[in-house]
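Notes follow once the structure below has been shown.
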Amino acid sequence: MKKRKVNKAGYLVDNDGNVINNEGTKLFDKNHLTTGGEIPKILPFTKFNIYEVCGDLEKNVDGKPIMNYNKNGDTVD
């Protein structure tokens with residue numbers, strides 16, 4: 001596990017909840033995310049690599065991410 005912070009949708013986030021890429025560059029502001037932590041639905045119209053923002057998460061038998069938590073209760077990859 002890399003123990004990087006992720007939101008409930010499994011996207012890498014900074015300490016403010018903004019979606020970041022693997023290098024830590026902010027890509028989406030927290031206030032642009034849905035209540036479920038999903039990124040804006042503009043993606044079909046933009047060049048974007050979803051794998052740059054997804055945490056490295058294991059999946060259960062249903063294909064859903066298994067969420068891990070740090071000592072503060074934050075979700076991490």
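Short version: ³J(HN,Hα) in whole Hz for each residue of region 18-31, in order, from phi by Karplus 6.51 cos²θ - 1.76 cosθ + 1.60 (θ = phi - 60°), x for Gly and Pro, what are they?
Values per residue, Gly and Pro as x: 6, 6, 10, 8, 4, 8, x, 7, 5, 10, 9, 5, 4, 6 Hz.
Can you list residues from other chains, or at least 5 along the same chain, whose modelled amide H is less than 5 Å from the amide H of Phe28?
Close amide H contacts, sequence-distant or interchain: Val19.
So who's got an amide H within less than 5 Å of the one on Cys54, skipping anything under 5 residues away but keeping other chains? H placed 1.01 Å off N, in plane.
Counting only residues 5 or more places away or on other chains, the set is Leu12.
Could you work out the relative contact order of region 1-62? I mean the mean sequence separation of Cα pairs under 8 Å and 6+ apart, divided by the number of residues, in percent. Could the numbers behind the result be given before it?
On the way: 70 pairs, mean separation 19.9, N = 62.
Relative contact order here is 32 percent.
Test of understanding: in a Gaussian network model of the chain with alpha carbons linked when under 10 Å, which of Gly37, Gly17, Gly63 would top the mean-square fluctuation ranking?
Among Gly37, Gly17, Gly63, the largest GNM mean-square fluctuation belongs to Gly63.
If you count, for each residue, the other Cβ atoms within 10 Å and average over each peptide, how do 2-15, 22-35 line up from highest to lowest?
My ranking of the peptides, most packed first, is 2-15, 22-35.
Specify whether the C-alpha gyration tensor of region 1-62 places it in the rounded, prolate or oblate class, a ≥ b ≥ c being the square roots of the eigenvalues: rounded for a/c under 1.5, otherwise prolate if a/b is larger than b/c and oblate if not.
Cα axes put region 1-62 in the rounded bin.
Quick one: if you stick a label point 7 Å off each Cα along the C-beta vector at Asn15 and Met1, how many nm between them?
The two pseudo-label positions are separated by 2.1 nm.
Once you have the Cα-Cα distance between Leu57 and Lys71, take 0.36 nm times their residue separation minus that, and quote the gain in nm to one decimal.
Contour length minus Cα-Cα distance gives 3.3 nm.
Quick note: the coordinates plus some simple rules give every number you see, no bench work behind them. Keep in mind that this is a model prediction, so the values were computed, not measured. So basically every Cβ, Gly included, is an ideal-geometry build from the backbone, and we count neighbours across all protein chains shown.
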